[in-house]
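The values are calculated or read from the model by the stated rules, or taken from the named source; none is laboratory data. These numbers were taken from a predicted model, which means no experiment stands behind them. Here the Cβ positions follow ideal geometry from the backbone for every residue, glycine too, while neighbour counts run over all protein chains shown.
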Number of protein chains: 2
Amino acid sequence: MKKPPNILLTNDDGIEAPGLKALTKAMESVGNLTVVAPAVERSAVGHAITLSDPLRVAEYRVNGRVPGFSVNGTPADCVKIAVWALLKNRPDLVVSGINLGSNTGINTIYSGTVSAATEGAILGIPSFAVSLATYENPDFEAAADFSVHLSRLLLKNRMPEGVYLNVNVPNAPMDAIRGIAVTRQGLSVFKERFHKRSDPRGRTYYWLSGQKVNVPTDPDVDEGAVNRGYISVTPVHYDLTRYDFLDTLKNWSLDR
Amino acid sequence: MKKPPNILLTNDDGIEAPGLKALTKAMESVGNLTVVAPAVERSAVGHAITLSDPLRVAEYRVNGRVPGFSVNGTPADCVKIAVWALLKNRPDLVVSGINLGSNTGINTIYSGTVSAATEGAILGIPSFAVSLATYENPDFEAAADFSVHLSRLLLKNRMPEGVYLNVNVPNAPMDAIRGIAVTRQGLSVFKERFHKRSDPRGRTYYWLSGQKVNVPTDPDVDEGAVNRGYISVTPVHYDLTRYDFLDTLKNWSLDR
C-alpha cells in the first residue's frame, strides 16, 4: 500500500477561519494533514516575511482533531517555519485557503493567501491557493470539493519548476458552478478613494477604499471566469521578468 | 520652455533613511520632487497595503528643503495615497529607493522598495526601484547618479504598459562600476534556518535567518551582474501568469 501524502494547509484569514476549517474537513480524505496558519487575520499582507520580530508558535487542533500550529506571522512565514522547523516530513503539497474574498487580477500580488502558495513553490513543493468570491454568506462546499480533486491531480501530475496555481471559486452551490476555466491573471486596476477624516484631537487621517474599473468579462481571464460562474484556475510563477522587453531595453543608452 | 516633470520619491527604509536623502539630493536636478515615504522602516513588508487601519500623514522636509509627507503605512500605501490624495499633480515618474540591501532574485517579490514601483506601474506611471547591494558603509553616489540618468531616459522613452524597472547597484565608487547590465530576475532559493529559543517564562520562539544557495554568476541574471560589479537593470511586470503552461493545464482533467 502506498503511503498517504503529507499535506500542509495554511491561509491568511487565521487558524480559526471557517474557510480553513471547511478545507481541512474536506482534505482529510486526501492525506496526512498538518495546519500551520497565522494566529490572527493577515489579509493584504502581501508577500511579507517577519524578520525583525521573533515568531511564536502554539499547538492547535483544527476542528478539534487535525494537528496544527498557530504562528504570530504571515502566511509566507507559516510555510517557511512549517517546512524548516515544525514538520517532521517535508510536505508533498501545500494548499492555502479557503480565503474569504477572491484573489483575482492585480489582487493576486497583494494576496497573503497566494503568497503562501508562492512560498510552497519556491520550496519546490506543488502548491495552490484557493479563494471564494464573497465576503458574506460563504458556501465553501464547491471550493472544498474542487480542492480535493485538484490536490489529487497535483499529487499525480508534475507542474514545471516554479509554477503554482491560483484558484478562485464563485460563491454558489455545486450544481450552479458552470465548470472549470483555465485563465490568465486580469490586469484591470483600482480606482482608489481616500476618505479624509479628523480624529477628536483634530489630527487628519485617511481610510482607503477603492473599486476595480473595467473588470474583464472574458472567460479566459480570472475575474471574467468567476463572474460568469466558472471556477478559475490560473497558473502563476514568481519570475517577474518581462522577457519580451529585454532586447528593447538593451538598445536604450543605459551606458550613455 | 518645457515645464519640469513632477517626480514622486519613496522608499521602504523610512523617510529619514540616508538612501532616500541621497536620492532626493541627486534628483533635484531632474524635476519637481515630492517625497512620500513610510514614517518608519518597512523592510520585507512585500506588497502589503493597509486596509484595516487608518493612514496618518505628516508634512516633512527632506534634507530640510524638499517637500514631503511621512505616512504610517507601507511603500505601496505611500504611492497610492500620494497619487490619489496628497499630490496636486499626477507624477510623471515614481522612483523608490535607494534601498539599503539588494533586491535581486526572489527577494524581488518580498521587497517593499520594488512594491512601490509596482504600484506606480499599476497606476500607469513610469517607475523604477533602486537598491544598493550592501547593509554597511553605503556609498550612494553611483546609485544616485544612475537614477538621475535613468529618470531622464524614462521621461523620454516609453515602456510597454505594466512594465517597470528593478535596479540594483554594487556598493562601489563610480569609477569601479564596470557598466550597466540588462538582466532577468534570478531564481535561486534560500536555505532557511529557524533558531529556536526560550523566553524567560519558558515559552518557545523562533528567529528566521537564511542564506541563498546556488547564487547565479551569469551576468545576464540580476544577482550575477551585481556580484560582477555591474549595475543591474531588470524589466519586471505584475502579471504573474505562466503563459507557457496554460495549454498543458487545459489538458489536465480539471473538469473530471
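Name every residue in the range B:143-163 that is more than 9 Å from chain A (Cβ to nearest Cβ) and closer than 21 Å to B:G186 by Cβ, in order of residue number.
Result: B:A143, single match.
Out of B:L33, B:L9, B:L23, B:L55, I need the residue that is of a type in the set (A, V, I, L, M, F, W, C) and modelled with pLDDT under 95. Which one? Steps first, answer last, please.
On the way: B:L33 fails: modelled with pLDDT under 95; B:L9 fails: modelled with pLDDT under 95; B:L23 fails: modelled with pLDDT under 95.
Result of the check over B:L33, B:L9, B:L23, B:L55: B:L55.
Are any residues in the range B:78-105 under 18 Å from B:L33 (Cα atoms) and without any contact (Cβ under 8 Å) to a residue 60 or more places away in the chain, and if so, which ones?
Within the range B:78-105, B:K80, B:I81, B:W84, B:A85, B:L86, B:K88 qualify.
Count, please, the residues in the range A:215-254 that happen to be under 18 Å from A:A143 (Cβ atoms) and of a type in the set (S, T, N, Q).
3
Of everything in the range A:229-256, what is surrounded by 13 or more Cβ atoms within 10 Å (Cβ to Cβ), more than 8 Å from chain B (Cβ to nearest Cβ) and in a loop (DSSP other than H, G, I, E, B)? Give them in sequence order.
A:G229, the sole residue that qualifies.
Which numbered condition in (1) without any contact (Cβ under 8 Å) to a residue 40 or more places away in the chain; (2) aliphatic (A, V, I, L, M); (3) exposed (fewer than 12 other Cβ atoms within 10 Å of the Cβ) is the only one that A:A176 fails?
(1)
Give the range B:159-210 a look and list any residue that's over 17 Å from the mean Cα position of the chain (by Cα) and of a type in the set (K, R), or say none.
Kept after step one, since they are over 17 Å from the mean Cα position of the chain (by Cα), are these residues of the range B:159-210: B:159-161, B:172-181, B:187-210.
B:R178, B:K191, B:R193, B:K196, B:R197, B:R201, B:R203 - these are the residues of the range B:159-210 that are over 17 Å from the mean Cα position of the chain (by Cα) and of a type in the set (K, R).
Between residues in the range A:218-234 that are over 16 Å from B:D247 (Cβ atoms) and of a type in the set (S, T, Y) and residues that are part of a strand (DSSP E or B) and modelled with pLDDT of 95 or more, which pairs lie under 6 Å by C-beta distance while being six or more apart or on different chains?
A:Y230/A:G179; A:Y230/A:A181; A:S232/A:N168; A:S232/A:A181
Could you check how many residues of the range B:141-164 are in a strand (DSSP E or B) and surrounded by 23 or more Cβ atoms within 10 Å (Cβ to Cβ)? Talk me through it step by step, then tell me what you get.
Step one: filter the range B:141-164 for residues in a strand (DSSP E or B), giving B:163-164.
Checking which are surrounded by 23 or more Cβ atoms within 10 Å (Cβ to Cβ) leaves us with B:164.
Count: 1.
Among the candidates B:V83, B:V114, B:V94, which residue alone is over 30 Å from A:G124 (Cβ atoms), outside any loop (DSSP other than H, G, I, E, B) and out of contact with any Lys or Arg (no Cβ under 9 Å at 6 or more places or on another chain)?
Numbers: B:V83 fails: out of contact with any Lys or Arg (no Cβ under 9 Å at 6 or more places or on another chain); B:V114 fails: over 30 Å from A:G124 (Cβ atoms).
Step by step, each of B:V83, B:V114, B:V94 is checked, and only B:V94 is over 30 Å from A:G124 (Cβ atoms), outside any loop (DSSP other than H, G, I, E, B) and out of contact with any Lys or Arg (no Cβ under 9 Å at 6 or more places or on another chain).
Residue check, B:Y205 against (1) within 8 Å of chain A (Cβ to nearest Cβ); (2) without any contact (Cβ under 8 Å) to a residue 60 or more places away in the chain; (3) in contact with a Gly (Cβ under 9 Å, 6 or more places away or on another chain), all met but one. Which one?
(3)
Which residue out of A:V226, A:V167 is within 13 Å of chain B (Cβ to nearest Cβ) and either among the charged types (D, E, K, R) or surrounded by 22 or more Cβ atoms within 10 Å (Cβ to Cβ) (or both)? First the steps, then the outcome.
Values: A:V226 fails: within 13 Å of chain B (Cβ to nearest Cβ).
That would be A:V167, the only listed residue that is within 13 Å of chain B (Cβ to nearest Cβ) and either among the charged types (D, E, K, R) or surrounded by 22 or more Cβ atoms within 10 Å (Cβ to Cβ) (or both).
When you check B:T204 against the structure, is it of a type in the set (S, T, N, Q) and surrounded by 13 or more Cβ atoms within 10 Å (Cβ to Cβ), yes or no? Even if it seems obvious, please write down each step before you answer.
Details: of a type in the set (S, T, N, Q): yes; surrounded by 13 or more Cβ atoms within 10 Å (Cβ to Cβ): yes.
Against the criterion (of a type in the set (S, T, N, Q) and surrounded by 13 or more Cβ atoms within 10 Å (Cβ to Cβ)), B:T204 qualifies.
Only one of (1) farther than 16 Å from B:D13 by Cβ; (2) touching a strand residue (DSSP E or B) at 6+ places or on another chain (Cβ under 7 Å) is not met by B:S102, so which one is it?
Only one criterion in (1) farther than 16 Å from B:D13 by Cβ; (2) touching a strand residue (DSSP E or B) at 6+ places or on another chain (Cβ under 7 Å) is unmet by B:S102, namely (1).
Could you check, for the range B:179-187, whether at least one of its residues is away from chain A (no Cβ under 11 Å) and not small (G, A, S)? Give the derivation first.
Going through the range B:179-187, the residues away from chain A (no Cβ under 11 Å) turn out to be none.
Within the range B:179-187, none of the residues are away from chain A (no Cβ under 11 Å) and not small (G, A, S).
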